[in-house]
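Written out below as structure tokens is the structure these notes cover.
Throughout, read-outs are computed from the coordinates displayed, never taken from laboratory work. These numbers were taken from a predicted model, which means no experiment stands behind them. Neighbour counts are summed over all protein chains in view; Cβ atoms, including those assigned to glycine, are modelled from backbone coordinates with ideal geometry.
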Amino acid sequence: MDVLMLSRVQFALTIMFHYLFPPLTIGLGALMVLIEGASLWTGDPVYRTMARFWTKLFAVTFAMGVATGIVMEFEFGTNWATYSRYVGDVFGSALAAEGIFAFFLESGFLAVVVFGWDKVSPRFHFFSTCMVFLGSIFSSVWIVVANSWQQTPAGYHVVGEGLHARAEITDFWAMVFNPSSVPRLLHVWVGSFILGAFFMMSISSYYLLRNRHLEVARRSLRIAVLWGLLVSAIAPATGHIQGQLVGRLQPAKLAAFEGHFETGTGPAPMYLVGIPSAEERRVKYGVAIPGLLSFLVHDNFHEPVKGLDAFPPRDQPPVLIPFLSFHLMVGLGMAFLGLTGAGALLLRGGRLFEARWLLRAYVVAVLGAFAANQAGWIAAEVGRQPWIVHGLLRTSDALSRAVKAQQVVASLVMFTLIYALLFVVWVYVLHTKISHGPDDAEAHHEPPSPGGLLQAASVRADPAADASMSAARGAEVTP
């Protein structure tokens, strides 16, 4: 058993599970600010009911994010001691800033947001919601800064030699604003906002399909669709900016993303689909657009792009996983734009809440939003190999020297079981709160849901329910 691969799998498991939750809290936090702001502005009690309901789901997700994030910090010391020694000065400052300026801000005001509805004024409660959202944003800033420094190191010098070498900060702000931090941060935020929008769209569509909590569901879906359309339209722009940056600073990673094996002398194509084969040095079953990769990197359709053949074999990243995950992320992003665009058109025509086919699609589309965020992280991190700090420290040199394969296997099995249990608990609590629904007058007169969220995707059209929804829609209040 290979200690390096086992340690990588273990860290991938823990961080991928943890990364289910922070993007969702960021995305939900933004929508909570919009909804509670509408409540304060209009004085409409329906918005207050909406805000209280979504806050409950936010709090459950936040708690899971905190619980699952602690493990990774221990792994830095147990499995990756050499890495921790090398980047300790950089990561220490960034993670300390995250704890001081972000986590305490978010968690402190969260108590007011969750428990202070009837104990503080509406204005102060709205302020607290803004602080919780701001805390989640600050948290993402410092985490992305630390990770981006690994991708594009800046503002440092290396002291010591061999196993005792380590990077020390010489310019704190150069480290913070390293070449990739801002573009990557914008893309992370957009991905989080998309996830929050589709989470709200999923639950709201479920209620509409079940003919429950209609006013809350309509308003939530309207806000989520319009917000989702906006951020889905921004995603290609932030992705293009980041793609150009990767092409300039990490060209081997971009070549892996696109299955670009040979440099060539002419325009480089971009594959829409295909299966890259490292052995055959080509993309099998590929469908490509000529010159599009050249445009992505150089803003023209003629200039060649570096292929993997331009780098020594030992410096080339794996191709299959980065290629598939990158294309999955891009494909899902286009699907999000289409789904929200269709929703906005139907909303304008007054037919969204009766379009059961689209509501069913929204119920399950949240799984795609989770997958897109995971795929983006996988592409970025696997595409960085064989470097753990690009150009400075190889992943194979970053391991702890004392850890044994048997120890990693035992902890990997333990984490898998614990995380599976935590995931079941999270889904169960969410299901319970979603089945109960918002604490409004309407909720107390409706029967409990007979099934879970995913069952709504297969609900057959009910003429009586459709008539009820159409009649209720005539009395809706536009925010």
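Tabulated data for the structure shown
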| read-out | value |
| --- | --- |
| Cα gyration tensor category, rounded, prolate or oblate, for segment 251-405 with a/c compared to 1.5 | oblate |
| Among Ser7, Leu40, Gly69 the positive-end extreme of the charge dipole of segment 1-134 (Cβ point charges) | Leu40 |
| Other-chain or far-sequence residues with amide H under 5 Å of Val305's (modelled H) | Ala268 |
| J(HN,Hα) series, segment 432-438, from Karplus relation 6.51 cos²θ - 1.76 cosθ + 1.60, nearest Hz, glycine and proline x | 4, 5, 5, 5, 5, x, x |
| 10 Å binning of all Cα-Cα separations within segment 216-277, expressed as whole percents from 0 upward | 18, 33, 22, 16, 10, 1 |
| Helix-only mean residue ellipticity at 222 nm for the chain, each DSSP H run of n ≥ 4 adding -39500 (n - 2.57), per residue, nearest 500 | -23000 deg cm²/dmol |
| Residues with amide H under 5 Å from that of Phe177, placed H, sequence gap 5 or more | none |
| Degrees between helix 356-382 axis and first principal axis of the chain (Cα, 0 to 90, nearest 10) | 20 |
| Net charge dipole size for segment 112-260 [Lys, Arg +1 and Asp, Glu -1 on Cβ; Debye, nearest 20] | 700 |
| Residue order, fewest to most beta carbons within 10 Å, for Val33, Val132 | Val33, Val132 |
| Cut-off under 5 Å, modelled amide H: who pairs with Trp387 long-range | Thr395 |
| Cβ charges +1 (Lys, Arg) and -1 (Asp, Glu), total dipole of segment 262-399, debye | 540 |
| Compactness of the chain, expressed as Rg and Dmax over alpha-carbon positions, Å | 23.9, 76 |
| Rounded, prolate or oblate (a/c below 1.5 giving rounded, otherwise prolate when a/b exceeds b/c) for segment 352-415 by Cα gyration tensor | oblate |
| For segment 310-321, 3J(HN,Hα) per residue [Karplus equation, 6.51 cos²θ - 1.76 cosθ + 1.60, θ = phi - 60°, Hz, x = Gly/Pro] | 7, 10, x, x, 6, 9, 8, x, x, 10, 4, 5 |
| Segment 215-300: GluC sites (Glu not before Pro) falling in loop per DSSP and having at most 12 other Cβ within 10 Å | Glu279, Glu280 |
| The chain, dipole about Cα centre (Lys/Arg Cβ +1, Asp/Glu Cβ -1), debye to the nearest 20 | 600 |
| Partner lysines for Lys284 [C-alpha distance under 29 Å; skip if fewer than 8 residues away on the same chain] | Lys253, Lys306 |
| Rh (Kirkwood; distinct C-alpha pairs) - segment 117-269, Å | 19.3 |
| Segment 58-71 - phi-based ³J(HN,Hα) in whole Hz, Karplus 6.51/-1.76/1.60, Gly and Pro as x | 4, 5, 4, 5, 4, 4, 5, x, 5, 5, 7, x, 5, 4 |
| Neighbour count of at most 11 Cβ within 10 Å plus DSSP loop: longest trypsin sites (Lys or Arg not before Pro)-free window in the chain | 120-400 |
| Equivalent ellipsoid, segment 170-242 (semi-axes from 5 times Cα gyration tensor eigenvalues, Å) | 36, 12, 7 |
| Residues His157, His187 arranged by fewest to most Cβ contacts within 10 Å | His157, His187 |
| Whether segment 327-367 is rounded, prolate or oblate, judged on the alpha carbon gyration tensor where a/c under 1.5 counts as rounded | oblate |
